[in-house]
Amino acid sequence: MLWKQGRRSENVEDRRGSTDGAGMGRGGFGGFPGGFRIPGGGRRAGVGGGFGLIALIILALVFGVDPSVLLQTGGGMPGGAPSSYVPADAPRPPASQTAEEAELAEFVSAVLASTEDTWQAVFAAAGRTYEEPRLVLFSGAVQSACGYASAAVGPFYCPRDQKVYLDLEFFAELQRRFRAPGDFAQAYVIAHEIGHHVQNLLGIAPRVEAARRQASPVEANRLSVMMELQADCLAGVWAHQAHASGAILEPGDIEEALNAASAIGDDRLQRQAQGYVVPDAFTHGSAEQRVRWFRRGFDQGDMRACDTFSAERL
């Protein structure tokens, strides 16, 4: 990805080394799902057609879901009891970051700036105003308006404060655990979270959240899948528009994003966890679906192509 020539966003909060994540915390997460979690947190077994704790931990690797999903019973339905998170080791202050960490933080700022430019233009063309989110870098644990989270929950979007939260260590997990390397795979993660912000600004997220609260567990899961696939599609729209305006893509970049999308499909994670697949327990979409909806957004470059809620085929 050709990112070094781009501008840097002013909407990055660097909380690495702060004390807001230094102790134990309890959940109580609110808001609509919108995150990318990694192992380290977790709660009881018995979710999603017999999933055990191991399945939950592996499913925690899927991105696109707010930490509240881990804290709820009944296949991710709202209303479950909060869970305790055990923070990681004390974070290292940014002053002692390595050159690699410093460059990665700069990369995140550049990608965020690209999403700002893209969505400002898209919203303006539709007669709307794009409100830029903030992106919080943290280490170990963080306090958000949606609650307290350890790095175990991975990147997530909190609609209550309109911020994306990201521990840079997640990108190492993406490469090691999922074999999804590449800077554009990382950019895809960020763009997906910004996709949740777009959904929030458009009023989609609160409407779907309200519907999920009234739905059965199976239907709530299906609504969650629609949300996540739409965020994947919106990430594809960003990639299309950003490349059209700034030629950011290099050969192999889209393949990196598609590889990452495929690696965290619900079917692949369920099969790894328990040896079989339970489609009714999907909350993010299959590998094929995630790839197809990102590709749809990229190919068409129009967020109107991302209407997963009325699509005949998810």
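Overview of values
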| read-out | value |
| --- | --- |
| Burial ordering of ASP299, ASP266, ASP183, fewest other beta-carbon atoms within 10 Å first | ASP299, ASP183, ASP266 |
| Packing rank of 285-291, 224-230, where each peptide gets the mean count of other beta carbons within 10 Å, highest leading | 224-230, 285-291 |
| Residue order, fewest to most beta carbons within 10 Å, for TRP238, TRP3 | TRP3, TRP238 |
| Radius of gyration and maximum dimension Dmax of the range 104-146, Cα, Å | 13.4, 40 |
| Rg/Rh ratio calculated on Cα atoms of the range 164-246 (Kirkwood radius) | 1.04 |
| Footprinting exposure proxy for PHE294, PHE107 (fewest neighbouring C-beta atoms within 10 Å first) | PHE107, PHE294 |
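Quick note: the coordinates plus some simple rules give every number you see, no bench work behind them. Values in this document were obtained by computation on a predicted structure and should not be read as measured data. So basically every Cβ, Gly included, is an ideal-geometry build from the backbone, and we count neighbours across all protein chains shown.
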